[in-house]
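A.B. asks: Below are the structure tokens for one structure; questions will follow.
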Amino acid sequence: ILNVEQSPQSLHVQEGDSTNFTCSFPSSNFYALHWYRWETAKSPEALFVMTLNGDEKKKGRISATLNTKEGYSYLYIKGSQPEDSATYLCAFSGSARQLTFGSGTQLTVLP
Amino acid sequence: DSGVTQTPKHLITATGQRVTLRCSPRSGDLSVYWYQQSLDQGLQFLIQYYNGEERAKGNILERFSAQQFPDLHSELNLSSLELGDSALYFCASRGGNEQFFGPGTRLTVL
């Protein structure tokens, strides 16, 4: 059974704060690591997919890094805004490509 | 809008019944994945199809089955429904390394 763990489980920050979350995953049989943003009543929205050790991806104020050797990825949000409030999911993809999801980090950005 | 469509959006039915959920992948995507999100669990992989053939199975119950048709749309059939089958069911299609999720079908079993 694959174990994908995310921390923290939930986080409340003030508008303008920067924050980061962690995803740990098995380092064997690795194909890709995905980050999704999931708002209530919507479908998960793809943020990043990373495949190579040392990958760094950036989209606006959100960025992510990947360490496949030690099995972790960080997601960073710089200058959080209330519209960033959502659940952030990471998912591990092995050779079969199906996604094994973590339980998510629920972010609330207070105005 | 991811380009993946799912119908119906909501479904309410009774225990013991059978339902069919439908998914159309993004244009050009050959792979379809089904996932289940129930109250007490995260998103769980159920089954994958690629160009009409089953490719991988996850935590899918024997009461559940799926297929992918020549036009690449997929259907997930859930039978002998139980209260615990109430969940959000997503399909996703894969383009390159990314998976794009549909809006989901919320199934309520009463």
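The values are calculated or read from the model by the stated rules, or taken from the named source; none is laboratory data. In this text, all values refer to a predicted model and were calculated from it rather than measured experimentally. Glycine also receives a Cβ, built like all others from the backbone with ideal geometry; neighbour counts cover every protein chain displayed.
A.B. asks: Considering each residue of the stretch A:69-83, count those that are buried (at least 21 other Cβ atoms within 10 Å of the Cβ) and not hydrophobic (A, V, I, L, M, F, W, C), and give that number.
C.D. replies: Of the residues in the stretch A:69-83, 2 are buried (at least 21 other Cβ atoms within 10 Å of the Cβ) and not hydrophobic (A, V, I, L, M, F, W, C).
Okay, residues lined up against (1) of a type in the set (V, I, T); (2) within 14 Å of chain B (Cβ to nearest Cβ); (3) more than 15 Å from A:Q106 (Cβ to Cβ):
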site: A:P8; (1), (2), (3): no, no, no
site: A:S18; (1), (2), (3): no, no, yes
site: A:C23; (1), (2), (3): no, yes, no
site: A:H34; (1), (2), (3): no, yes, yes
site: A:L47; (1), (2), (3): no, yes, yes
site: A:M50; (1), (2), (3): no, yes, yes
site: A:K57; (1), (2), (3): no, yes, yes
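A.B. asks: Looking at A:Q9, A:Q81, A:Q98, A:Q14 in this structure, which one is over 14 Å from the mean Cα position of the chain (by Cα), within 30 Å of B:H10 (Cα to Cα) and among the polar types (S, T, N, Q)? Lay out the reasoning, then the answer.
C.D. replies: Details: A:Q9 fails: over 14 Å from the mean Cα position of the chain (by Cα); A:Q81 fails: within 30 Å of B:H10 (Cα to Cα); A:Q14 fails: within 30 Å of B:H10 (Cα to Cα).
Step by step, each of A:Q9, A:Q81, A:Q98, A:Q14 is checked, and only A:Q98 is over 14 Å from the mean Cα position of the chain (by Cα), within 30 Å of B:H10 (Cα to Cα) and among the polar types (S, T, N, Q).
A.B. asks: For the stretch A:86-111, name all the residues that are of a type outside the set (A, V, I, L, M) and part of a strand (DSSP E or B).
C.D. replies: Keep residues of the stretch A:86-111 that are of a type outside the set (A, V, I, L, M), which gives A:87-88, A:90, A:92-95, A:97-98, A:100-106, A:108, A:111.
Hits for the stretch A:86-111 are A:T87, A:Y88, A:C90, A:F92, A:S93, A:T100, A:F101, A:T105, A:Q106, A:T108.
A.B. asks: Looking only at the stretch B:57-69, filter to residues that are assigned to a loop (DSSP other than H, G, I, E, B) and over 17 Å from B:T13 (Cβ atoms); which one of those is nearest to the other protein chains (Cβ to nearest Cβ)? I'd like the intermediate steps shown before the answer.
C.D. replies: Taking the stretch B:57-69 as the starting set, the residues that turn out to be assigned to a loop (DSSP other than H, G, I, E, B) are B:58-63, B:69.
Restricting the remaining residues to those that are over 17 Å from B:T13 (Cβ atoms) gives B:58-60, B:62, B:69.
Numbers: B:G58: 6, B:N59: 10, B:I60: 11, B:E62: 19, B:F69: 20 Å.
Top of the filtered list is B:G58.
A.B. asks: Let me ask another. Please determine, by comparing only the residues of the stretch A:36-45 that are more than 7 Å from chain B (Cβ to nearest Cβ) and assigned to a loop (DSSP other than H, G, I, E, B), which one is modelled with the highest pLDDT. Give the derivation first.
C.D. replies: Quick first cut of the stretch A:36-45, residues more than 7 Å from chain B (Cβ to nearest Cβ) only: A:36-42, A:45.
Narrowing the set further to residues that are assigned to a loop (DSSP other than H, G, I, E, B) leaves A:39-42.
Numbers: A:E39: 92, A:T40: 85, A:A41: 84, A:K42: 89.
Here the residue is A:E39.
A.B. asks: Mind checking whether some residue in the stretch A:72-85 is within 30 Å of B:V32 (Cβ to Cβ), within 13 Å of chain B (Cβ to nearest Cβ), touching a strand residue (DSSP E or B) at 6+ places or on another chain (Cβ under 8 Å) and not in a loop (DSSP other than H, G, I, E, B)?
C.D. replies: Looking for residues that are within 30 Å of B:V32 (Cβ to Cβ), within 13 Å of chain B (Cβ to nearest Cβ), touching a strand residue (DSSP E or B) at 6+ places or on another chain (Cβ under 8 Å) and not in a loop (DSSP other than H, G, I, E, B), one finds none in the stretch A:72-85, hence no.
A.B. asks: Considering only residues that are assigned to a strand (DSSP E or B) and either of a type in the set (A, V, I, L, M, F, W, C) or touching a helix residue (DSSP H, G or I) at 6+ places or on another chain (Cβ under 8 Å) (or both), look in the stretch A:51-68 and name the one that is surrounded by the fewest Cβ atoms within 10 Å (Cβ to Cβ). Don't jump to the end; show me each part of the working.
C.D. replies: Looking only at the stretch A:51-68, we keep the residues that are assigned to a strand (DSSP E or B), and these are A:56-59, A:62-67.
Subset that is either of a type in the set (A, V, I, L, M, F, W, C) or touching a helix residue (DSSP H, G or I) at 6+ places or on another chain (Cβ under 8 Å) (or both): A:62, A:64, A:66.
Details: A:I62: 18, A:A64: 25, A:L66: 25.
Among those residues, the one meeting the criterion is A:I62.
A.B. asks: A further question follows. Tell me yes or no: at least one residue of the stretch B:29-51 is in a loop (DSSP other than H, G, I, E, B), in contact with a Phe, Trp or Tyr (Cβ under 7 Å, 6 or more places away or on another chain) and surrounded by fewer than 20 Cβ atoms within 10 Å (Cβ to Cβ).
C.D. replies: Residues of the stretch B:29-51 in a loop (DSSP other than H, G, I, E, B): B:29-30, B:38-42, B:51.
If we keep only those that are in contact with a Phe, Trp or Tyr (Cβ under 7 Å, 6 or more places away or on another chain) too, we end up with B:30, B:42.
After this cut, where a residue has to be surrounded by fewer than 20 Cβ atoms within 10 Å (Cβ to Cβ) as well, the list is B:30, B:42.
Within the stretch B:29-51 (the criterion being in a loop (DSSP other than H, G, I, E, B), in contact with a Phe, Trp or Tyr (Cβ under 7 Å, 6 or more places away or on another chain) and surrounded by fewer than 20 Cβ atoms within 10 Å (Cβ to Cβ)), the answer is yes, since at least one residue qualifies.
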